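Chemist: Next up is a structure, given as structure tokens.
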Amino acid sequence: MEVEWVKKCSFLLIFLQLYSLSIHRTASDICSTHIILPGPKGDQGENGDIGEPGRSGKLGPPGSKGLIGEPGQKGGIGQRGKIGPVGAKGDKGNRGYPGPPGNKGQPGHSCDCGRYRKIVGQMDINIARLNNTMRFVKNVIAGVKETEEKFYLIVKEVKNYNSALVHCKDRGGSLAMPKDEETNSLLAAYVNKTGLSRVFIGVNDLEKERQFMYTDSTPLQNYSHWRPGEPNNAFGGEDCVEMVSDGGWNDVECHLSIYFVCEFLKKTS
């Protein structure tokens, strides 16, 4: 009984000594000498809430080419395009069949015409010279248009822009310069009535690109009558201007050979 009590007292004394040491040790000393083992695996928790949408990923590589779709419906008629340049002269046609012989003529009279041959030859030369001048005069008489200040004439000879300028100048005029709606409408009706589709007028930007001026060096300040989308310098050298039959203006290449309109100032008394 006494031995048993001594054992219990010894065990209690050791326990108190260990407890006294433990309360004087820091938390880091305890952690460094005691390893805490993980507990057993817990039960699976409930599913969380749906998160916010993530950012868009990178674009993937292009897919393979799809099948050709069915043809679409036929579109409407587009705007009328520009009139092309005058075509080259065609080949000479085949010779026609000979016609029936004419009636027998009246017998001629003998005459000594030697002295008249020189005069007749000179007359032929003069007539040939007059024919060229008469073409211009005939056009003036048959088709001239006028305003209070000017006469206008369509010259039915195809020429490029520079040649048309010279042609009008040599006759005391210039290429037509419509500077108001009244004059432009007059020329448009004139072109339309004559059966033409286009004529040169006295407007160009030969001196400075995109700055169109009349041939008398005055700028287009108060009036112009460009067609929709014009001037567009489509072929990179459209420095001259044409009027089409509806009165609209297009910029065109100066080397084209087309008809043109001259204007002449009326003489004041």
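Chemist: Considering amide H positions built from the backbone, and no H for Pro or chain starts, which residues 5 or more places from Phe260, or on another chain, come under 5 Å of its amide H?
Modeler: It is Val155, Glu157, Phe200, by chain and number.
Chemist: Pull up the cross-link candidates among the lysines for Lys156, meaning alpha carbon to alpha carbon under 18 Å and not fewer than 8 places away within one chain.
Modeler: Output for Lys156: Lys89, Lys138, Lys145, Lys169, Lys193.
Chemist: Continuing with the same structure: Taking a cut-off of 20 Å, what percent of all Cα-Cα pairs in the range 117-265 are separated by more than that?
Modeler: Details: 5343 of 11026 pairs.
Beyond 20 Å sits 48 percent of the P(r) for the range 117-265.
Chemist: Please order Phe264, Phe212, Phe235 by the number of other Cβ within 10 Å, starting at the fewest.
Modeler: Values: Phe264 18, Phe212 21, Phe235 10.
Fewest-to-most Cβ neighbours within 10 Å comes out as Phe235, Phe264, Phe212.
Chemist: About the Cα centre of the range 117-265, how large is the charge dipole given +1 on each Lys and Arg Cβ and -1 on each Asp and Glu Cβ? Please answer in debye to the nearest 20.
Modeler: Numbers: 17 positive and 21 negative charges, 216 e Å.
In total the dipole reaches around 1040 debye.
Chemist: May I pose another question? Any idea what diffusion coefficient the range 210-269 gets from Stokes-Einstein, in µm²/s, Kirkwood Rh on alpha carbon pairs, 4 °C, 1.567 mPa s?
Modeler: Numbers: Rh = 13.2 Å.
It comes out at roughly 98 µm²/s.
Chemist: For the residues Glu148, Glu253, Glu181, Glu157, what sequence is obtained by ranking on other C-beta atoms within 10 Å, fewest first? All intermediate terms of the calculation are to be shown ahead of the outcome.
Modeler: Details: Glu148 5, Glu253 17, Glu181 11, Glu157 14.
Starting with the residue having the fewest Cβ neighbours, the order is Glu148, Glu181, Glu157, Glu253.
Chemist: So what J values fall out for the range 163-180 if you push phi through Karplus, 6.51 cos²θ - 1.76 cosθ + 1.60 with θ = phi - 60°, rounded to Hz, Gly and Pro as x?
Modeler: My calculation for the range 163-180 gives 5, 5, 4, 5, 4, 5, 5, 4, 9, x, x, 7, 4, 4, 10, x, 10, 7 Hz in order.
Chemist: Among the lysines, select those whose C-alpha is under 27 Å from the C-alpha of Lys74, and discard any that sit fewer than 8 residues away in the same chain.
Modeler: Correct list for Lys74: Lys65, Lys82.
Chemist: Using only the alpha-carbon atoms of the range 151-239, report the extent along each of the three principal axes, biggest first, to the nearest angstrom.
Modeler: Sorted largest first, the three principal extents are 29, 27, 25 Å.
Chemist: OK, next. What is the set of long-range amide H partners of Trp226 at a cut-off below 5 Å, with H atoms built 1.01 Å from backbone N?
Modeler: Trp249
Chemist: If one computes the Cα centroid of the range 50-79 and of the range 185-200, what distance in Å separates the two points?
Modeler: Value for the Cα centre distance between the two parts: 50 Å.
A short reminder: the numbers here are calculations on the coordinates, not readings from a lab. All figures in this text were calculated on a predicted structure; none of them were measured in a lab. Every residue, glycine as well, gets a Cβ built from its backbone with ideal geometry; the counts of neighbours run over all protein chains shown.
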